[in-house]
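K.L.:
What follows is a single structure, and I will ask about it in a moment.
Only the coordinates and a few stated rules stand behind these numbers; no lab work does. Just so it is clear, the model here is predicted, and its values are computed rather than measured. Here the Cβ positions follow ideal geometry from the backbone for every residue, glycine too, while neighbour counts run over all protein chains shown.
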Amino acid sequence: MTKQMNWAGNYEYKAARIHYPKTLDEVRELVRRGEKIRTLGSRHSFNGIADCTQDIISLQHFDRVIALDKERLTVTVEGGIRYGELSQYLHGEGYALHNLASLPHISVAGACATATHGSGDKNGNLATTVSAMELVTADGEVMVVSREKDGELFYGMIVGLGGFGVVTKLTLDIQPTYDVQQDIYENLPLSVLENHFDEITSSGYSVSLFTDWETESINQVWMKCRIVDGKKLEAESNFLGASPATRRMHPIGKLSSENCTEQMGIAGAWHERLPHFRMDHTPSSGEELQTEYFVAREHAYQAILAINEMRENITPLIMISEVRTIAADNFWMSPCYKEDRVALHFTWKMDQPAVMKLLPKIEEALAPFDARPHWGKLFTVSPKLLESRYKKLKDFRELLTQYDPQGKFRNAFLDLNIFGIG
């Protein structure tokens, strides 16, 4: 097999073969005859979660919209479709999703399997829109789980980390389309977060705080507000000490905003504002590393201060950090299981040895706040600590064993982080 890399270029897949099936029957046959199998989406994970030693099944050709149910307000799609294409289709039909991640280039199945998210106090992660999932299980059979009929089984399997099979279809909740305006404020004093964090994060439908930890301030506040009754909102002249941006911005201030979604309060369709980056542009060369930790909402300010105290260690490696809020959900392996969380995201320069050396120090600083890592990004949290922080991890492990007793979909990532082997 020719050399195969992830999007960032920091991980080379070790599988002996990558397959690109076009039909459900082809997937079933590959699963039946395979011994070790994983599924590959849009390659936006930064670790080996999608890898294995033998066969990878790419969902590249599973990129269609299957059905739009206007009465039940659902859309059924193949697992490999990317949010960008799905969003364009939905908007054209007069519908929308509740939220999007910062990149619209990621696949629906991959995002849901890892509890990937956008921002917003009342917005759950992207998997919270899933009402049903079709997958090919270890015996090559097709299984469907749904929110309506499967209860806890559904909540155990949706954020499945690729461990239950090849996800071929997903049915998602939708809503009528809506418009959003995006305003940016610069230089919010970090100290303001102590008493005004809730006010800041609730000031828009989706709010992101960007900082490079160079100074005692948040570099940029990205505020995305839904338009109600066609009424545009005027940007505040002073937002808790921050000033409205006078030009379009990139989260990394020195970079061109060409790749970013429209700003300056110009209203537009939801899918052209909720992501930070435009679907028709590559957001960057991909030469970056990413880490993300989720802390309980009540600890947000203390966690941010803990990171700020490490600025001398962080600034030589950081490109930008983002703080986002995510609402609670019921998925066993979601970092937001049963409680609202705040995500501290780090986009690093491409120096993996230095980043991996720094991560244990960051994880130690965040340990008092029950920090849970994003499954698709770089982390070094021990399996013992993962089990203590993900309250349903033991149940998840048992469920994996029940539905894949031979471990066909297990890999080094699951063996280490879920089964504590390795």
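K.L.:
For each of VAL180, VAL192, count neighbouring Cβ atoms within 10 Å of the residue's Cβ, then give the residues from fewest to most.
P.N.:
Arranged by neighbour count, lowest to highest, VAL180, VAL192 become VAL192, VAL180.
K.L.:
While we're here: Explain nothing, just the number: dipole magnitude of segment 1-66 about its Cα centre with +1 on each Lys and Arg Cβ and -1 on each Asp and Glu Cβ, in debye rounded to the nearest 20.
P.N.:
For segment 1-66, the charge dipole is close to 40 debye.
K.L.:
Label points 7 Å out from Cα along the Cβ direction at LEU73 and LYS384: separation in nm?
P.N.:
4.8 nm
K.L.:
What residues from segment 291-308 fall in the zone where the backbone N is under 19 Å from a label point 7 Å along the Cα-to-C-beta line of LYS338?
P.N.:
294-299
K.L.:
Cα to Cα, under 17 Å, and not fewer than 8 places away if on the same chain: which aspartates and glutamates meet these conditions relative to LYS254?
P.N.:
GLU186, ASP212, GLU214, GLU287, GLU288, GLU322
K.L.:
Oh, and also: Picking from GLN302, ALA343, LEU414, whose Cα lies most toward the positive end of the charge dipole for the chain (charges on Cβ: Lys, Arg +1; Asp, Glu -1)?
P.N.:
So the residue we want is LEU414.
K.L.:
Then there's this: If you filter segment 1-109 for trypsin sites (Lys or Arg not before Pro), then keep DSSP loop positions with at most 16 other Cβ within 10 Å, what is left?
P.N.:
Sparse-neighbourhood loop trypsin sites (Lys or Arg not before Pro): LYS3, LYS14, LYS22, ARG64, LYS70, ARG72.
K.L.:
When SER203, SER107 are ordered from fewest to most other Cβ atoms inside 10 Å of their Cβ, what list results? Please list the in-between numbers first.
P.N.:
On the way: SER203 18, SER107 28.
Ascending Cβ contact count within 10 Å gives the list SER203, SER107.
K.L.:
Please report the spacing between the Cα centers of segment 1-80 and segment 206-272 in Å, no decimals.
P.N.:
35 Å
K.L.:
Moving on to the next point. By how many degrees, between 0 and 90 and to the nearest 10, does the Cα long axis of helix 352-366 differ from the longest principal axis of the chain?
P.N.:
Helix 352-366 sits roughly 70 degrees off the main axis of the chain.
K.L.:
With unit charges on the beta carbons (Lys and Arg positive, Asp and Glu negative) and the dipole taken about the Cα centre of the chain, which residue among VAL381, HIS98, ALA371 sits farthest to the positive side?
P.N.:
VAL381
K.L.:
Once both labels are modelled 7 Å past Cα along the beta-carbon direction, what's the SER146-LEU233 spacing in nm?
P.N.:
Spacing of the two 7 Å Cα→Cβ label points: 3.7 nm.
K.L.:
About its Cα centre, how strong a charge dipole does segment 181-373 have in debye, to the nearest 20, once Lys and Arg get +1 and Asp and Glu get -1 at the Cβ?
P.N.:
With Lys and Arg at +1 and Asp and Glu at -1, about 360 debye.
K.L.:
Can you tell me the 0 to 90 degree angle between the C-alpha axis of helix 83-92 and the longest principal axis of the chain, rounded to 10?
P.N.:
It works out to around 80 degrees.
K.L.:
Along the charge dipole of segment 181-373, which of LEU209, SER256, THR315 sits closest to the positive end, that is, farthest toward it, with unit charges on the beta carbon of Lys, Arg, Asp and Glu (+1, +1, -1, -1)?
P.N.:
Among LEU209, SER256, THR315, the one farthest towards the positive end of the dipole of segment 181-373 is SER256.
K.L.:
DSSP loop GluC sites (Glu not before Pro) in segment 212-271 with at most 11 other Cβ atoms within 10 Å of their Cβ, which ones? Can you show the working numbers first?
P.N.:
Working: sites: GLU214, GLU216, GLU234, GLU236, GLU258, GLU262; in loops: GLU214, GLU216, GLU234, GLU236, GLU262.
Passing sites in segment 212-271 are GLU214, GLU216, GLU234.
K.L.:
For segment 8-126, max minus min Cα coordinate along each principal axis, in Å, sorted largest first?
P.N.:
Principal extents (Cα only, largest first): 43, 32, 19 Å.
K.L.:
Something else: Using 0.36 nm times the number of residues separating GLU298 and SER256, minus their current alpha carbon distance, what extension gain do you get?
P.N.:
In short, 11.6 nm is gained.
K.L.:
Between segment 350-422 and segment 287-320, how many Å separate their Cα centres?
P.N.:
Measuring centre to centre over Cα atoms gives 19 Å.
K.L.:
Over all alpha-carbon pairs in segment 65-176, figure out the percentage whose distance exceeds 24 Å. Walk me through the numbers on the way to the answer.
P.N.:
On the way: 1135 of 6216 pairs.
Taking all Cα-Cα pairs of segment 65-176, the fraction more than 24 Å apart is 18 percent.
K.L.:
From Cα coordinates alone, what are the radius of gyration and Dmax values for segment 169-215 in angstrom?
P.N.:
15.6, 46
K.L.:
Placing +1 at every Lys and Arg Cβ and -1 at every Asp and Glu Cβ, with all other atoms neutral, what dipole size does the chain have around its Cα centre, in debye to the nearest 20?
P.N.:
Magnitude of the dipole: close to 860 debye.
K.L.:
How many nm is it between the label spots at ARG33 and GLN88, if each spot is 7 Å from the Cα in line with the beta carbon?
P.N.:
Calculated label separation equals 3.6 nm.
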